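Visitor: My questions all concern the structure below.
Read the figures in this text as sums done on the coordinates, not as results from a lab. Quick caveat: nothing in here was measured; it's all calculated off a predicted structure. Here Cβ is always computed from backbone atoms with ideal geometry, including for glycine, and neighbour counts include all displayed protein chains.
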Amino acid sequence: MNELERHVEKLFRHQPDTPETQELREEILSNLQAKREDLLAQGMDERAATEAAKRDIPSVDGLIDDQQTTNVERYRMACAQTVWLHCILFWIGTLPLLFTGYGWLGTVGLGLSVLSGVGYLLFWLLHPVMQGTRSLAGARRRKSMAWRIWGVFYAVAALSVAAMTFGSNLWYGTPVTIEGPYQWAVMASRFYVPLLTVLIPLTVSRFAALLPQYRVEG
């Protein structure tokens with residue numbers, strides 16, 4: 001795979017694999033190759049010609065109609081199932097915390113699992129067949145935003161926990177004493193609890209991944 005082919009692959013990495021996008025991919029690659037050949041014929045060296053051709057098409061977002069006709073109710077039901085399964089995973093993830101000061105999160109996880117399970121059951125029993133349009137680019141933006149927000153949140157949370165746990169040792173010379181595995185578990189749980197929130201961006205990512213599966217052709 002040459003440099004232009006890699007550039008085109010990067011342009012389409014978040015686009016759905018449909019006959020339309022495949023045709024556009026081949027057309028763009030052909031145009032970029034023709035552009036590079038023209039620049040080479042004008043005396044430009046190969047590397048500069050390749051970079052100039054790549055700058056010609058930096059994005060395909062404006063070239064693709066990303067509004068897809070979607071089976072909305074089946075998509076919503078799949079999203080409801082995802083929420084239910086991720087709530088169960090959250091509940092399972094809280095089980096190691098039962099004997100720490102965060103044991104109450106197990107009750108929260110169980111409650112969320114039950115509520116989301118009831119919601120999924122209602123979707124399954126009552127959903128009508130309905131079509132609508134959904135934006136693939138919008139779903140990808142929400143996915144990207146969710147991961148960015150979570151990354152900032154966890155970094156801040158982890159640094160705050162570290163400051164509270166080890167700050168006295170750094171600033172006042174007071175040693176941090178950990179006696180036995182239980183205290184190790186308690187300290188580790190302070191970092192572990194914020195990590196459980198990773199299920200939020202994972203859920204949003206799953207929503208984006210599910211959307212193309214419920215495309216209605218024609």
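Visitor: If I take all pairs of Cα atoms in the range 105-152, what percentage of them are more than 18 Å from each other?
Guide: 64
Visitor: If I model a spin label at residue 52 and residue 147 as a point 7 Å from the Cα along the Cα→Cβ vector, what separation in nanometres do I get?
Guide: 3.5
Visitor: While we're here: If we count other beta carbons within 10 Å of each Cβ, what is the order of 69, 94, fewest first? Could the numbers behind the result be given before it?
Guide: Values: 69 14, 94 21.
Final ranking by Cβ density, sparse to dense: 69, 94.
Visitor: Straight-line reach from residue 10: which lysines have Cα under 18 Å away, leaving out those fewer than 8 places along the same chain?
Guide: Residue 10 reaches 54, 143.
Visitor: Follow-up question, since we're still on this one. Could you pull out every residue, at least 5 positions away or on a different chain, whose amide H is within less than 5 Å of the one on residue 70? Hs are placed 1.01 Å off N in the peptide plane, and Pro or chain starts have none.
Guide: Long-range HN contacts for residue 70: 132, 133, 134, 216.
Visitor: A further question follows. Return the distance in nm (one decimal) between the two label points of a simple spin-label model at residue 31 and residue 215, each offset 7 Å from Cα along Cα→Cβ.
Guide: So the label points at residue 31 and residue 215 sit 2.0 nm apart.
Visitor: Moving to a separate point now. Give me P(r) over the range 67-214, computed from all C-alpha to C-alpha distances, binned every 5 Å, as integer percentages.
Guide: Pairs per bin, as whole percents: 2, 9, 13, 15, 16, 13, 10, 8, 6, 4, 2, 2, 1, 0.
Visitor: Taking only the C-alpha atoms, wrap a convex hull around the range 3-56 and report its volume per residue in Å³ as a whole number.
Guide: On the way: hull volume 3.2 nm³, N = 54.
Residue-normalised Cα hull volume stands at 59 Å³.
Visitor: Ok, one more. Would you mind ranking 92, 28 by Cβ crowding within 10 Å, fewest neighbours first?
Guide: Numbers: 92 12, 28 19.
Final ranking by Cβ density, sparse to dense: 92, 28.
Visitor: Can I ask one more? Each residue of the range 28-35 in turn: what ³J(HN,Hα) in whole Hz from Karplus with 6.51, -1.76, 1.60 and θ = phi - 60°, glycine and Pro shown as x?
Guide: Per-residue couplings from phi come out as 5, 4, 4, 5, 5, 5, 5, 4 Hz.
Visitor: Applying the Karplus parametrisation 6.51 cos²θ - 1.76 cosθ + 1.60 with θ = phi - 60° to the phi angles of the range 48-56, what ³J(HN,Hα) value in whole Hz is obtained for each residue in order, glycine and proline being reported as x?
Guide: 5, 5, 5, 5, 5, 5, 5, 5, 5
Visitor: Taking 8 Å as the Cα distance limit and 6 or more residues as the minimum spacing, I'd like the relative contact order of the range 3-56 as a percentage.
Guide: Working: 27 pairs, mean separation 21.7, N = 54.
The value is 40 percent.
Visitor: Next question. With each pseudo-label sitting 7 Å past Cα toward Cβ, what's the residue 44-residue 10 distance in nm, one decimal?
Guide: In this crude spin-label approximation the distance works out to 1.7 nm.
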